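Structure first, commentary second.
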Amino acid sequence: MRQIIPVLLTLILGLALLLVVAEMPPFGDPDNPAHNIVSERYLSQGVSETGAQNIVTAIITDYRAYDTLGEVTVLFAAIAAVLTVLNRLRLGVICPEDRERGIEDEDAGDPDSKDSC
Amino acid sequence: MREILVLFLLFSGVFFFTVGTIGLLRLPDVFCRLHANTKSDTLGVGLVLSSLLLYEGLSSAGVKLIFMIIFILITNPTAGHIVARASYDTIVDWTGQLARQKGGDD
Amino acid sequence: MVFSKDVLGMTILLYIFWLLISWSLDWVNLLLGFTFSLFVAIFMAPEIIRAEERPPFLARGFFFLKFVLILIREIIKANFQGVAIVLSPRLRISPQFVEVKQTLRFPVTQALWGNSITLTPGTLSIDVDDRKILIHFLTEEMVTQFPENPVGKALVEFEGRGK
Amino acid sequence: MTETAFLIAAILLMINVIFCVYRAAIGPTPGDRVVAINMITGKTIAVMALVSFMYHEELFLDVAITYTLIGYTATICVAKYLELKRL
Amino acid sequence: MAILDILILSILVLCALAAVRTRDLLGAVIIYAAYSLLMAIIWLQLGAPDVAITEAALGAGVTTILMIATISKTGRYE
Amino acid sequence: MAEALVALGQNYFFYYALILFMVGFYTTLSHSNLLKKIIGINIMETSIFLFFVALGYVEGGQAPILGRGAEGGPFMNPLPSALILTGIVVAVSITAFALALMVKLYSFYGTLDADEIVMLRGEKE
Amino acid sequence: MQEILILKIVVRFVIPFIQVYGFYVITAGHLSPGGGFAGGTIVAASMVLYALTFDAHQGLEKLSHERASIFESLGAIWYVGLGFLGVLVGGNFLTNGQIGIPLGTPGQLISGGLIPLLSFGIGIKVAVTVVSLYYSLVEED
């Protein structure tokens, strides 16, 4: 049973995606709905509006700079989360259990944490 | 004339790549495979890139190709060397034969 | 900070790299390239290869060029040998490990020698230190041929016997 | 015509890559896998250079330079792990 | 050009399957490095050099090494 | 049927993205090792990126870098590239966070197998 | 790993070139492929290579956690501060050409207004973050 459920789920998902993909417009056609007015605007006005030749850079740092701000925030959140999970931060964390434990065992072995708490 | 030379360099590079791949498949252990890797890959990349250099001439792209050849020459044997070293240190443990050989030839 | 000759030399090398990669003579580009080269050279200053670790590349440039040309010739020879070994129906190989002595003085030339051993016919350097190199030979005859390796001679010549 | 030759060369190199992937998949020791990956890196660099000349986009060479400069980082990492069992 | 695309995509699928089937986790991570190497060629074929250069730096240099660091902290075999 | 075959010949990028997505999905579901699950998630992410960038492809187009002499030809759609560029970095952040969680889980439970971890938790409760 | 002579010599020679190339990719992001993300990851890969070849604690001396957090904050503040430049002049947040910043001639290194400066901030941020991720995963407890 445990082997069958993943196969079944994958097949169902694959069938659903196949129905979607079969209806996609032809690949590489310039008249696709994906090439709409937005990208035409970027390609035709991008250089004169931003002064950058590389339109991708123009988009990520000018037209959609908020997007990049959010991405910087995600990076910040990721590094903060990793440092917190792995206890790499030697900041003064106030935590009552730690303080009690530090008082109870004399040789906590980590003088930094005792000082910080 | 130049085109013929370009094609010759290009396909000889591809040929050496192929020889390296056959060596990777046929040779018996890690060290012999590393022989195939370091030599044929270095020469293969060098030949393909120099054929492109001949095709392009000395422009900004040509300079980039020259730098690529130089860095490949420096870094590819180094990668082979450290893999060989790591494999040597791990292999001596479970056969013991290589260690004896090393001592015998000393 | 460290403003030795080596940092200056590295800065010049990096500056040449920047100029050739960016391929423009705009004055902003010149200034920016110099700033970044100097910054990187100072940032990596303790790790830059010092003058006492290498032979003078500029003064002995002719011998270095000779070494590179011989190396390229040897690489091509090595590949034809590899073709002969790999494409023959029966693999005639007898792999073995041999330690050989080496007499090069500078770490940089030792590293060059190790890498050239990897690239020359039938040999693969496994461990390199000041006195000896552990080499993996592909066939028996290469062990006997090894002392006449022209690359090693070119390197000794490049190192010079001065000092 | 030269572009067609570039395309043929790229296809031949990619066929080589299939066998390298086979070696990487079955290789008994991690050393074998790393050797295979090294060869794939070399072929990838060559294919990237060929692709950039096939489309006449010399800016694509920047990607190939990136690979030549940092492509062997993973190799060093695996070798160090095999040797020291730590990083 | 379509032949090259199809060939590389087939090798990608092979790589993905090999990475998934390998019992040795170190081997799986190494094959995943090859996967992202080949992905960069696909980005070049699709005309997205910015994505290709980022994938090159991240796939070859960072993701693989982070995974091997995790393996060195935990176990190597499943 | 014939239409489907023609679409298969044309839209091979989308079909391959579909196959890669299924491979990743199946890995994530069926393997109990956490690192394998992360590899599966990465493969899924890559397939989505492939799908997006393939949407922006224009036949015979140039890369969206203008002002390089040969003007006038069609250009690739720059919008999917720009979106995916952000997506790749976010994917790496997610991978790093998941790996950090794995290290912590291993130091807590001594195993990386999801089933075993569930069992151990059941014993504790 | 400590006494591999060839690797140490080669890495000591190659790392400065990787870093200069990374800075080139960052600063020329509006002219050629690249930009903040790509260049930042290349610089980060060079530092990771350094820490692999020597040791993690030697790499930590070059870029300690304190210095890393300072650089990280500087990158983010640089980005947001340049964004507030638009607000000060009277435009929107994170605007570039609309508030009258000279855009320069397209194709020159100085063009695109704030775009190279913004890329620089992103590059520093991404590089330091990725290196910190590596150190925090590798460091022993």
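The values are calculated or read from the model by the stated rules, or taken from the named source; none is laboratory data. Keep in mind that what you see is a predicted model, and the values were worked out from it rather than measured. When we count neighbours, we look across all protein chains shown, and the Cβ atoms used for this are built from the backbone with ideal geometry, even at glycine. Ligands, DNA and RNA are excluded from the accessible area calculation, which covers all protein heavy atoms including side chains. Shrake-Rupley method; radii C 1.70, N 1.55, O 1.52, S 1.80 Å.
Sort F:106-118, C:26-38 by the packing proxy (mean of other Cβ within 10 Å over each peptide's residues), most packed first. Numbers along the way, then the final one.
Numbers: F:106-118: 14.6, C:26-38: 16.8.
So the order, starting with the most tightly packed, is C:26-38, F:106-118.
Just the accessible area per residue of region E:2-73, please: how many Å² with a 1.4 Å probe? Let's see the in-between values first.
Values: 1160 Å² over 72 residues.
Accessible surface, normalised per residue, equals 16 Å².
Nearest 100 Å², what total accessible surface is buried between chain G and chain C (probe 1.4 Å)?
On the way: alone 8790 and 11240 Å², together 17470 Å².
Accessible area lost upon association: around 2600 Å².
Once the Cβ-Cβ distance between C:V68 and C:I16 is put in as r, and R0 is 25 Å, what FRET efficiency do you end up with, to the nearest 0.05?
On the way: r = 18 Å, r/R0 = 0.72.
After rounding, the FRET efficiency stands at 0.90.
Taking amide H positions as placed in the peptide plane 1.01 Å from N, state which residues far from C:Q96 in sequence (5 or more) or on other chains have amide H under 5 Å from it.
C:F137
In whole percent, what relative contact order does chain E give with Cα contacts below 8 Å and a gap of six or more residues?
Details: 65 pairs, mean separation 25.8, N = 78.
Relative contact order of chain E: 33 percent.
How long is region C:5-48 along each principal axis, judged by its Cα atoms, biggest number first, in Å?
Extents along the principal axes, in whole Å: 31, 14, 14.
Report the one residue of E:I3, C:A45, B:V6 whose Cα lies farthest in the direction of the positive end of the charge dipole of the protein assembly as shown (charges on C-beta: Lys and Arg +1, Asp and Glu -1; origin at the Cα centre).
Final value for the positive-end residue is B:V6.
Just need the relative contact order of chain D here, percent rounded to a whole number, with Cα pairs under 8 Å and 6+ apart. Please list the in-between numbers first.
Numbers: 58 pairs, mean separation 23.2, N = 87.
Rounded, it is 27 percent for chain D.
Given q = 0.12, 0.13, 0.15 Å⁻¹, what are the Debye log10 I(q)/I(0) values for chain G, with equal point scatterers placed on the Cα positions and solvent ignored?
Once normalised to I(0) and log-transformed, intensities are -0.57, -0.64, -0.79.
Taking the Cα centre of the protein assembly as shown as origin, sum charge times position over the Cβ atoms of Lys and Arg (+1) and Asp and Glu (-1), and report the length of that vector in debye to the nearest 20. Walk me through the intermediate numbers first.
Details: 53 positive and 69 negative charges, 408 e Å.
With Lys and Arg at +1 and Asp and Glu at -1, about 1960 debye.
For peptide B:3-9, how many partner chain Cβ atoms fall within 10 Å of a residue's Cβ, on average? Write out the running numbers ahead of the final one.
On the way: counts 3, 0, 0, 3, 6, 0, 0.
For peptide B:3-9, the averaged partner shielding equals 2.
What three numbers, in Å, describe the spread of the alpha carbons of the protein assembly as shown along their principal axes, ordered from the longest?
82, 77, 67
For region C:137-148, in order, what is each residue's ³J(HN,Hα) by Karplus, 6.51 cos²θ - 1.76 cosθ + 1.60 with θ = phi - 60°, in whole Hz (x at glycine and Pro)?
9, 7, 10, 5, 5, 5, 5, 6, 7, 4, x, 8
What does the average come to when, for each residue of peptide C:11-19, you count the partner chain Cβ atoms lying within 10 Å of its Cβ? Show your work: numbers first, answer last.
On the way: counts 1, 0, 4, 6, 1, 0, 7, 6, 1.
Mean partner-chain Cβ count within 10 Å for C:11-19: 3.
How much mean residue ellipticity at 222 nm does the protein assembly as shown get from its helices, if each DSSP H run of length 4 or more adds -39500 (n - 2.57) and you divide by all residues, to the nearest 500 deg cm²/dmol? The partial results should precede the final answer.
On the way: 34 runs with 583 residues, N = 817.
Calculated from helices alone, the mean residue ellipticity at 222 nm is -24000 deg cm²/dmol.
If you build a Gaussian network model of chain D, linking Cα atoms that sit under 10 Å apart, which residue out of D:A24, D:A36, D:A74 swings the most?
Per the Cα network of chain D with a 10 Å cutoff, D:A74 tops the list.
Considering only protein heavy atoms and a probe of 1.4 Å, how much of the accessible area of region D:2-84 is carbon and sulfur, as a whole percent? Write out the running numbers ahead of the final one.
Working: 1160 of 1660 Å².
Percent of accessible area from carbon and sulfur atoms in region D:2-84: 70.
With a sphere of radius 13 Å drawn around the Cβ of F:Y26, what net charge do the other residues whose Cβ falls strictly inside it have (Lys, Arg +1; Asp, Glu -1)? Don't skip to the end; give the middle numbers.
Details: positive: E:R21, F:K36, F:K37; negative: none.
For residues surrounding F:Y26, the net value is +3.
Please work out the average accessible area per residue across region D:2-84, using the 1.4 Å probe convention, and give it in Å². All intermediate terms of the calculation are to be shown ahead of the outcome.
On the way: 1660 Å² over 83 residues.
Heavy-atom SASA per residue in region D:2-84 reads 20 Å².
With a 10 Å cut-off between alpha carbons and a GNM built on chain D, which of D:L69, D:L50, D:L12 moves the most?
In the Gaussian network model the winner is D:L69.
Shielding by partners for F:101-107, please: the mean number of other protein chain Cβ atoms within 10 Å of each residue's Cβ. Each step should come with its number before you reach the end.
Details: counts 4, 7, 11, 5, 2, 4, 4.
Whole-number average of other-chain Cβ neighbours for F:101-107 is 5.
Using a/c under 1.5 as the rounded threshold, could you call region B:2-77 rounded, prolate or oblate? The axes a ≥ b ≥ c are square roots of the C-alpha gyration tensor eigenvalues, and prolate needs a/b larger than b/c, oblate otherwise. Don't jump to the answer; show the numbers that get you there.
Values: a/c = 5.11, a/b = 1.76, b/c = 2.90.
Verdict is oblate for region B:2-77.
Using only the alpha-carbon atoms, how far is helix E:2-21 inclined from the longest principal axis of chain E? Give it as 0 to 90 degrees, nearest 10.
Helix E:2-21 and the main axis of chain E meet at about 10 degrees.
Please build a GNM for chain C, connecting alpha carbons under 10 Å apart, and tell me which residue among C:Q145, C:Q102, C:Q110 fluctuates the most.
C:Q145
With only Lys, Arg, Asp and Glu charged, each at its Cβ (+1 for the first two, -1 for the last two), find how big the charge dipole of chain F is about the Cα centre; round to the nearest 20 debye. Write down the numbers at each step before the final one.
Details: 6 positive and 9 negative charges, 55 e Å.
That gives a dipole near 260 debye.
How many angstrom separate the Cα center of region E:34-78 from the Cα center of region C:1-21?
Taking the Cα centre of each part, region E:34-78 and region C:1-21 sit 31 Å apart.
Relative contact order, percent, of region C:1-128 when contacts are C-alpha pairs under 8 Å separated by at least 6 residues? If you can, show how the numbers build up before the last one.
Values: 75 pairs, mean separation 32.3, N = 128.
Relative contact order comes out at 25 percent.
Rounded to a whole number of µm²/s, how large is the Stokes-Einstein D of region E:2-73 at 37 °C and 0.692 mPa s, given Rh as the Kirkwood radius over C-alpha pairs?
Details: Rh = 12.7 Å.
Once the numbers are plugged in, D ends up at 258 µm²/s.
Would you mind checking which residues have amide H under 5 Å from C:L124's amide H? H placed 1.01 Å from N; only 5 or more apart, or other chain.
C:H136
Region C:87-111 to region A:60-77: how many Å between their Cα centroids?
The two parts, judged by their Cα centres, are 52 Å apart.
To the nearest 100 Å², how much accessible surface do chains C and B hide from each other in total, with a 1.4 Å probe? Each step should come with its number before you reach the end.
Numbers: alone 11240 and 7660 Å², together 15690 Å².
Buried: approximately 3200 Å² between B and C.
For region C:59-163, rounded, prolate or oblate, judged on the Cα gyration tensor with a ≥ b ≥ c (square roots of eigenvalues), a/c < 1.5 rounded, else prolate if a/b > b/c?
Working: a/c = 2.83, a/b = 1.61, b/c = 1.76.
Oblate, because a/c is 1.5 or more while a/b does not exceed b/c.
In Å², nearest 100, what accessible area do chains D and G bury in total when the solvent probe is 1.4 Å?
The buried area between D and G, both sides summed, comes to about 1700 Å².
Give me the percent of the accessible area of chain C that comes from carbon and sulfur atoms, probe 1.4 Å, all protein chains in place. Write out the running numbers ahead of the final one.
Numbers: 5780 of 8430 Å².
It is 69 percent, rounded to a whole number.
From the backbone phi of region F:22-34, what are the Karplus-calculated ³J(HN,Hα) couplings (6.51 cos²θ - 1.76 cosθ + 1.60, θ = phi - 60°) in whole Hz, Gly and Pro given as x?
5, 4, x, 5, 5, 4, 4, 7, 8, 7, 8, 6, 6
Can you give me the % of accessible surface on region G:67-120 that is carbon or sulfur? Probe 1.4 Å, all protein chains present, nothing else counted.
On the way: 1950 of 2760 Å².
Here carbon and sulfur together make up 71 percent of the probe-accessible area.
Taking the Cα centre of region G:5-138 as origin, work out the dipole magnitude from +1 charges on Lys and Arg Cβ and -1 charges on Asp and Glu Cβ, in debye rounded to 20. Intermediate values should be presented prior to the final figure.
Details: 5 positive and 4 negative charges, 36 e Å.
I would put it at about 180 debye.
I'd like the distance separating the alpha-carbon centroids of region D:1-77 and region C:26-51, in whole Å.
Answer, in whole Å: 31.
I'd like the Karplus ³J(HN,Hα) series for region C:27-38: coefficients 6.51, -1.76, 1.60, θ = phi - 60°, whole numbers in Hz, and an x wherever there's a Gly or Pro.
Ordered by residue, 3J(HN,Hα) equals 5, 5, 4, 4, 5, 5, x, 5, 4, 5, 4, 5 Hz.
Hey, got the Cα dimensions of region D:2-84 along the principal axes, in Å, largest first?
For region D:2-84, the Cα spread along each principal axis is 46, 24, 11 Å.
Ranked highest first by average number of other Cβ atoms within 10 Å, how do C:12-23, B:25-36 line up? List each step's numbers first, then the result.
Values: C:12-23: 17.6, B:25-36: 21.3.
By packing density, highest mean first, the sequence is B:25-36, C:12-23.
Mind checking the per residue accessible area of chain G for me, 1.4 Å probe, whole number of Å²?
Values: 4570 Å² over 141 residues.
Per-residue value: 32 Å².
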